[in-house]
Every structure is written in structure tokens, then in C-alpha cells.
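One structure is given below, encoded as C-alpha cells.
The values are calculated or read from the model by the stated rules, or taken from the named source; none is laboratory data. Model, not experiment: these values are computed from the prediction. For neighbour counting, all protein chains shown are included, and Cβ atoms are generated from backbone atoms with ideal geometry for every residue, glycine included. These area figures cover heavy atoms from the full protein model, side chains too; ligands, DNA and RNA do not enter into them. Shrake-Rupley method; radii C 1.70, N 1.55, O 1.52, S 1.80 Å.
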Amino acid sequence: MSIPFENGNTKVIMLILTHSCNLKCAYCYEHQKRDASKVMKPETAMKIIEEEIMSSLGGYNRVVIHLMGGEPFLRFGVIKEICEWSDNKKWPVEVVLSATTNGTLLNDHREWLQEHSHTFKVVLSADGDKAMQDKNRCNSYASIDFDFYTSTWPEGKVKMTISPDTVKDVAKGVISLHEKGIKRIEGNLALGTEIIWKFEHLREYRNELRKLVRYYLDHPELCPASMVNVDICRILYGGPWKKRCSCGVGLVCYDVDGTPYPCHLFSPVTLNEEQLRLLQSSNIDFSDTELFADAKCEKCAIRKCCSRCYGINFIYSGSVSSAPPIFCSASQIEFFATCSLLYQRLRRNQPIAHRHEIEAVLNYVKKVIQTK
């Protein structure tokens, strides 16, 4: 999930403002959930925010309130009311408000967004260049004003979803976003039970990441997209494997009626009734990290670098620990693409943070490969 400022000292409160959306993206797992009557009232949102902030005292120094949908900007009046109410409060901790949007409605509220851009952050969902965006997202490319987005939030992040239909153009899509002025790009494969990934798609993905490695070698001033920017130094971290996502502990998602869920992927906007019943009957303790470890992964050399999504696991298998095979393969491709980029940057003597740690990881990876 694309959430600004998430770290160990941050609590994230997701609020689903509406189940409705103005697009029908090809890979969307919320197609059957678009009930326009399902909306969160502003008083419900404010009550949740106050209670969550007060309950966070002593444990967190920052609280992110992340507004979601559907498409949250269909409820801009509520966004505006929540933000202006929060700005006038004297909170005992740092409070940041943010939202994820498909960007097609931002132009309707330019003046207000520019005025509040210092306290209200926006993550943009966009899938690459025009052809990729239009293929995945209902011909919506022309409705997104990238210049407005980058001028209003210069450090804003774009979440790029990669589908089987657009995987062959990943490098071109990432480069196009950089050329639009986007500095931070988080790419994720579209995952859902109706999304069909095949071996040839993975081969294309690997080839596209190789193109990105060459691109970033030629543009060392850019922050690489997440697919070639894996935190490989986690391999060196001591201690046992740790649950990577804070879902259900430092992250909670409230549906429109105020019911809490571990994250939006465990909420009614995503799960069907049968899955919701299974979630309830499973009574998962999200603070018990052992429940999220898969025995099949114990011997994996890059296990500590894996950023598997427990919500996606549950959707696929009914278990938070069992990841779909495509995810494991993609994670390995991303890990080795990152290693390739860092190795070649070292050889070119390009500036790299944590240089000694990265050299240690690359030496470790080299030894593992040689022993295979």
C-alpha cells in the first residue's frame, strides 16, 4: 500500500470514504463493491480520528490518516471537512493527512489542494505512459494533470500497477513517469484471483527490469523505482524473520460504517462475504508474527527482503502466510535486478548509501550463487 511517512514510529489509520469509483480498472479487485450508498459520514471519520490519536499516545510520535475508496475524491466535500477540522486541532502528536487517488478529479479542486498541500499529501495511482494507463485504466490518461501533481507535491509518490497486458512495457512506463517529473515510483504486480500470470510474463518482467537497470545507471541522479530498489541489506539483519507489514497492529482500516479491519485488503471493499466469514472465524492475532511465516520460505536466501502482502495471501489461499507463487518469483526477479544495479554502480564508482553493507550483501549473494 502507498502510504506517506510509514515507519516504526508511525500509526496509520485508513478511512474508506466510499465504495464507489469513477473508473473500472482492468485488474481491480473491487468491481463488485461499488455501492454508491456506502459512504462514511464526516462525523464518523472525526470520531475515529480523535479516538485513534488519543489511543496512540506514548506508542507513536506520528499518526497518518489515509483517506481511501473506491475513489476518495468522489467525496471531496468530506475530505475538505476532515482536513480543515484537523488543521484547526492542536493534536498531541504529529498528524499527517493523505489520500490515494486515480488523479482524474484533482483538477476540480486545484485551488484548495494547493492551499493545503503542506498538510494534505496525495499518492497518485498511474500505470505508466499513455498506452499503459489507457489500457489498464479506462482511457483516463488525458484526465490526469501531471504538471499540477508534481508542482503541488514535488516529492509525491506514484503507485504503478503492472498487469499481464502492460508488463512488456514496464521500463517505458517508468521512464515516462520520470519524464513527467515524478521522483518516486512504487511498482506492484496486479494480484488477484482473476489475474492470470504466466511464465512468459515473468520473462518479460525480468527483461524490463534489466532495461531499467541500464536506465538508472545512465541517470544516477534519479531515485530508482521500487522494483529495482529492494532493501537488500535486510539480509544482514540479525535475529529472526520479522513480519514486514504493520497490518492489524500499527495499521488499521475503518470501513464506511466505522467497523475496523486489519487493512483495506481485509475489509468488505475487497473481500466477499465468504472470505469475511473466514476472516472472522480465523480470529487471527496480527501481533503474532509466527502466524505470518511460511515454513516453505525458511530456506529462502532472500526471505528477509520479501515484502509479501498478507492481504493478498489471504485472498488467494485463506491464509495470511501462504503467498501465491507469482509473488515469490517476482520478488526474486526484483531482488536480483536490484543487486545488478548496485553492483554496476559500484563498478562505475557512482555514489551509493550504505556502501560497505551493500558490498557485503553482494559478496554473500555471489557465494550463494556459486554454491548452487
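Pairs only if they're at least six apart or on different chains, beta carbon under 7 angstrom, first in the range 136-150 and closer than 23 Å to P164 by Cα, second among the aromatic types (F, W, Y) and open to solvent by less than 40 Å² (accessible area, probe 1.4 Å); list them, first residue then second.
So the pair list comes out as N136/Y27.
Given the criterion assigned to a loop (DSSP other than H, G, I, E, B), closer than 23 Å to Q275 by Cβ and in contact with a His (Cβ under 9 Å, 6 or more places away or on another chain), identify the matching residue among V249, V256. Steps first, please.
Details: V249 fails: in contact with a His (Cβ under 9 Å, 6 or more places away or on another chain).
Being assigned to a loop (DSSP other than H, G, I, E, B), closer than 23 Å to Q275 by Cβ and in contact with a His (Cβ under 9 Å, 6 or more places away or on another chain) holds for just one of V249, V256, which is V256.
Per-residue answers, yes or no, for (1) out of contact with any helix residue (DSSP H, G or I) (no Cβ under 9 Å at 6 or more places or on another chain); (2) surrounded by 22 or more Cβ atoms within 10 Å (Cβ to Cβ); (3) within 28 Å of T270 (Cβ to Cβ); (4) aliphatic (A, V, I, L, M):
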| site | (1), (2), (3), (4) |
| --- | --- |
| E155 | yes, no, no, no |
| E179 | yes, no, no, no |
| K183 | no, no, no, no |
| N188 | no, no, yes, no |
| E204 | no, no, yes, no |
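Looking only at residues in the range 157-177 that are β-branched (V, I, T), under 18 Å from the mean Cα position of the chain (by Cα) and outside any helix (DSSP H, G or I), which one is surrounded by the fewest Cβ atoms within 10 Å (Cβ to Cβ)?
T161
Could you grab me the full set of residues in the range 32-43 that are closer than 28 Å to L191 by Cα, part of a helix (DSSP H, G or I) and either at pLDDT 95 or above or open to solvent by 70 Å² or more (accessible area, probe 1.4 Å) (or both)?
Keep residues of the range 32-43 that are closer than 28 Å to L191 by Cα, which gives 32-40.
Filter again for part of a helix (DSSP H, G or I), leaving 32-33.
Once the filter is applied, which keeps residues that are closer than 28 Å to L191 by Cα, part of a helix (DSSP H, G or I) and either at pLDDT 95 or above or open to solvent by 70 Å² or more (accessible area, probe 1.4 Å) (or both), the range 32-43 yields only Q32.
Please go through the range 44-67 and pick out each residue that is closer than 16 Å to F120 by Cα and either open to solvent by 70 Å² or more (accessible area, probe 1.4 Å) or of a type in the set (V, I, T) (or both).
I49, V63, V64, I65
Report the residue count in the range 68-116 for those that are among the basic types (K, R), under 20 Å from K41 (Cα atoms) and without any contact (Cβ under 8 Å) to a residue 24 or more places away in the chain.
Looking only at the range 68-116, we keep the residues that are among the basic types (K, R), and these are 75, 80, 89-90, 110.
Going one step further and asking which of them are under 20 Å from K41 (Cα atoms), we end up with 75, 80, 89.
Filter once more, so that each one left must be without any contact (Cβ under 8 Å) to a residue 24 or more places away in the chain: 89.
Qualifying residue count, the range 68-116: 1.
For the range 234-253, which positions are hydrophobic (A, V, I, L, M, F, W, C) and surrounded by 16 or more Cβ atoms within 10 Å (Cβ to Cβ)? Write out each step before concluding.
Keep residues of the range 234-253 that are hydrophobic (A, V, I, L, M, F, W, C), which gives 235-236, 241, 245, 247, 249, 251-253.
Hits for the range 234-253 are I235, W241, C245, C247, L251, V252, C253.
Residue-by-condition table, conditions (1) at pLDDT below 90; (2) under 29 Å from the mean Cα position of the chain (by Cα):
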{"site": "P325", "(1), (2)": "yes, yes"}
{"site": "T338", "(1), (2)": "no, yes"}
{"site": "Y343", "(1), (2)": "no, yes"}
{"site": "R348", "(1), (2)": "no, no"}
{"site": "I358", "(1), (2)": "no, yes"}
{"site": "L362", "(1), (2)": "no, yes"}
{"site": "K367", "(1), (2)": "yes, no"}
{"site": "T371", "(1), (2)": "yes, no"}
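Does R355 meet the test of being surrounded by fewer than 18 Cβ atoms within 10 Å (Cβ to Cβ), of a type in the set (K, R) and touching a residue at least 24 places away in the same chain (Cβ under 8 Å)? Working first, answer last.
Numbers: surrounded by fewer than 18 Cβ atoms within 10 Å (Cβ to Cβ): yes; of a type in the set (K, R): yes; touching a residue at least 24 places away in the same chain (Cβ under 8 Å): no.
When the stated conditions are applied, R355 does not pass them.
Could you tell me which numbered condition A337 fails, if it satisfies all but one of (1) aliphatic (A, V, I, L, M); (2) surrounded by 20 or more Cβ atoms within 10 Å (Cβ to Cβ); (3) within 20 Å of C245 (Cα to Cα)?
All conditions are met except number (3).
Please give the number of the condition D165 fails out of (1) under 20 Å from P224 (Cβ atoms); (2) in contact with a helix residue (DSSP H, G or I) (Cβ under 8 Å, 6 or more places away or on another chain); (3) charged (D, E, K, R).
(1)
Do you know which residues across the range 257-299 are in contact with a Lys or Arg (Cβ under 7 Å, 6 or more places away or on another chain), open to solvent by less than 20 Å² (accessible area, probe 1.4 Å) and over 19 Å from P324 (Cβ atoms)?
Across the range 257-299, the qualifying residue is only V269.
Looking at the range 116-140 only, could you name the residues that are of a type in the set (A, V, I, L, M) and either open to solvent by 10 Å² or more (accessible area, probe 1.4 Å) or part of a helix (DSSP H, G or I) (or both)? Break it down into steps so the answer makes sense when it comes.
Of the range 116-140, the ones of a type in the set (A, V, I, L, M) are 122-124, 126, 131-132.
Within the range 116-140, A131, M132 meet the criteria.
Give the range 208-222 a look and list any residue that's open to solvent by 60 Å² or more (accessible area, probe 1.4 Å) and either modelled with pLDDT under 95 or assigned to a helix (DSSP H, G or I) (or both), or say none.
Answer for the range 208-222, where residues must be open to solvent by 60 Å² or more (accessible area, probe 1.4 Å) and either modelled with pLDDT under 95 or assigned to a helix (DSSP H, G or I) (or both): R210, K211, R214, D218.
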